[in-house]
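These notes are about the structure you will find just below.
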Amino acid sequence: MKALKIIRIAAWGAVAIVGGVLLAFSGLLPGVERPGAVTSSTATGVAAIGGQFELTTHRGEMLTNEDLEDTPYLVFFGFTRCPDVCPTTLFELTGLLADLGPDADKITPLFITVDPERDTQELLASYMSSFDPRILALRGTKEQTDQAAKAFAAYYEKVPLEGGNYTMDHTAGVYLIDAEGEFMGTLDLHEPKENQLQKLRRLANTAA
């Protein structure tokens with residue numbers, strides 16, 4: 001009975017992650033502080049979502065938060081070697097943008113790598129060819145990546161593996177930022193598609 005309970009708990013956790021629930025792989029919500037992790041936290045452990053960042057797109061162009069003034073956008077953190085939640089989320093976003101119709105052109109979706117050491121511009125350009133071309137992959141130096149994570153109260157951390165390799169533990173989920181740069185909530189990819197589209201339409205309607 002105890003073993004069955006453990007299996008059920010593990011299965012629930014797997015469904016939550018693949019479904020795109022806004023949790024870190026470690027189970028942390030955005031803005032919740034974890035010792036040793038890169039986050040933006042106040043004295044209460046919670047931070048405002050949205051702020052300054054300066055990164056380079058997979059097309060080689062610099063992009064800052066100021067460039068997105070008057071433009072609603074999405075933000076998702078991940079890395080190309082992510083085995084499940086990152087490609088799943090990007091494929092889901094690709095489908096949602098297609099279903100959104102003309103409103104999709106009002107929104108700028110951003111995929112920020114937390115593994116710039118391995119995710120070069122060339123690799124990101126190749127990786128993003130599998131998804132909607134409106135989704136911009138972004139990378140930066142370690143300092144720029146830290147700043148972006150801080151801006152969105154996101155968590156990420158390198159996790160060593162056997163053989164000298166590593167993976168990345170990070171906050172997984174889609175942030176919704178309106179045209180004023182204000183946090184509008186999150187896109188929950190396990191809820192009904194129509195609910196997701198309604199959130200995106202509301203976000204698109206904030207465009208100048």
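None of the figures in this text is laboratory data; all of them are computed from the coordinates on show. Since the structure is predicted, the reported quantities are computational estimates derived from the model, not experimental observations. Heads up, the Cβs are rebuilt from the backbone with ideal geometry, glycines too, and the neighbour counts pull from every protein chain shown.
Scanning the stretch 88-124 for residues that are under 17 Å from the mean Cα position of the chain (by Cα) and aliphatic (A, V, I, L, M) yields Leu90, Leu93, Leu96, Leu97, Ile107, Leu110, Ile112, Val114, Leu124.
Residue-by-condition table, conditions (1) free of Cβ contacts under 8 Å to residues at least 60 places away in the same chain; (2) within 21 Å of Asn65 (Cα to Cα):
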position: Ile107; (1), (2): no, yes
position: Arg118; (1), (2): yes, no
position: Leu138; (1), (2): no, yes
position: Gln144; (1), (2): no, yes
position: Gly173; (1), (2): no, yes
position: Asp188; (1), (2): no, no
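Selection of the stretch 106-134 for residues being in a helix (DSSP H, G or I), under 14 Å from Gly60 (Cα atoms) and either touching an Asp or Glu at 6+ places or on another chain (Cβ under 6 Å) or not aliphatic (A, V, I, L, M) (or both) yields Gln121, Glu122, Ser126. Scanning the stretch 59-77 for residues that are touching a residue at least 40 places away in the same chain (Cβ under 8 Å), out of contact with any Gly (no Cβ under 8 Å at 6 or more places or on another chain) and either more than 12 Å from Arg139 (Cα to Cα) or polar (S, T, N, Q) (or both) yields Asp70, Thr71, Pro72, Tyr73, Leu74, Val75. In the stretch 137-208, counting only strands (runs of 3 or more DSSP E) that sit wholly within it, the ones holding 3 or more residues that are surrounded by 15 or more Cβ atoms within 10 Å (Cβ to Cβ) span 166-172, 174-177, 183-187.
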